[in-house]
């Protein structure tokens with residue numbers, strides 16, 4: 001098979017021919033039908049010395065495929081040859097003795113496989129996975145949408161539903177309508193909460209308007225967020241800020257506009273370091289919440305929402321062979337939302 005690999009010492013992905021992996025006794029061999037491209041694929045190419053990262057590994061942490069072999073120890077009747085599954089990049093080791101898996105934090109497990117994050121992932125034609133990484137795909141969901149949903153939707157869902165615990169009666173403020181942010185907007189709407197949105201791109205705000213966000217809940221391009229809040233009926237009413245940008249300005253705005261006792265969910269990382277105003281945080285008794293990835297049950301629930309068309313991720317389809325160009329276009333802002341790559345052998 002062919003795959004894109006990260007080689008230690010080389011910040012460019014390498015397209016090379018490799019053996020098809022063997023089917024694990026407790027897992028599945030998957031023919032990949034789509035693999036999503038994420039902004040974090042770029043920093044992963046630049047990381048050199050992180051513990052548990054292999055010298056060479058296949059990139060890609062968003063995947064969907066078809067089961068072509070089943071390990072002898074797999075007895076779960078949900079998995080049959082030819083079935084399609086979405087793939088969880090970090091399923092955890094599943095051991096009761098694991099400090100993270102035992103606390104329902106499988107995505108932080110240091111022992112299990114991290115597909116595409118230091119270990120073999122999904123920018124390939126085949127992948128071997130533990131059965132814990134496979135989620136049966138509901139009817140009517142395309143492989144491209146399913147692949148992107150495993151991260152770009154699930155990360156937003158996990159952060160909003162599990163970590164920030166946004167409720168229907170709340171008002172949320174969402175910074176950023178990019179690949180994750182626009183999915184986050186749909187997640188908040190599925191909960192029923194009111195959401196105020198801000199983005200620097202008019203086309204993104206237009207898309208929010210088309211989705212049903214009232215014009216009065218959209219911050220105009222070029223308008224100061226703090227001024228917008230002060231001039232509206234929202235002063236002291238923002239329960240949760242969903243920070244999907246992570247710039248110095250947006251994080252500062254978040255601290256100023258959130259109500260006392262409110263929450264700031266940190267997802268975006270456009271600036272690696274941001275400043276917390278201790279006086280504001282203490283005076284308001286704020287909760288600053290970080291989140292990472294998602295879990296098996298999150299993907300199950302996300303796929304159900306997609307199948308019922310409550311959430312409709314926007315996904316373009318590209319060629320697996322074109323991964324470097326697609327990644328550059330994503331970084332340059334030339335891609336509207338998300339891209340899922342398909343190998344020529346699958347078309």
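The values are calculated or read from the model by the stated rules, or taken from the named source; none is laboratory data. Keep in mind it's a predicted model, so treat the numbers as computed, not measured. When we count neighbours, we look across all protein chains shown, and the Cβ atoms used for this are built from the backbone with ideal geometry, even at glycine.
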- Message: Based on this model, can you work out whether residue 95 counts as touching a helix residue (DSSP H, G or I) at 6+ places or on another chain (Cβ under 8 Å), without any contact (Cβ under 8 Å) to a residue 40 or more places away in the chain and outside any strand (DSSP E or B)?
- Response: yes
- Meets criteria (part of a loop (DSSP other than H, G, I, E, B), touching a strand residue (DSSP E or B) at 6+ places or on another chain (Cβ under 7 Å) and not assigned by TED's automatic domain parsing to the domain that holds residue 178) for residue 335: yes
- Task: Please work out which one of (1) part of a helix (DSSP H, G or I); (2) touching a helix residue (DSSP H, G or I) at 6+ places or on another chain (Cβ under 6 Å); (3) farther than 15 Å from residue 166 by Cα is the condition residue 187 fails and give its number.
- Result: (3)
- Item | Members of region 319-336 that are in contact with a helix residue (DSSP H, G or I) (Cβ under 6 Å, 6 or more places away or on another chain) and under 28 Å from residue 190 (Cβ atoms) | 335
- Query: How many residues does region 305-326 hold that are out of contact with any strand residue (DSSP E or B) (no Cβ under 6 Å at 6 or more places or on another chain), in a helix (DSSP H, G or I) and under 26 Å from residue 1 (Cα atoms)?
  - Reply: 4
- Residue in region 31-48 that is in a strand (DSSP E or B) and more than 30 Å from residue 268 (Cβ to Cβ) present: yes
- Output for region 175-228, where each listed residue is without any contact (Cβ under 8 Å) to a residue 40 or more places away in the chain, closer than 22 Å to residue 307 by Cβ and surrounded by 24 or more Cβ atoms within 10 Å (Cβ to Cβ): 185
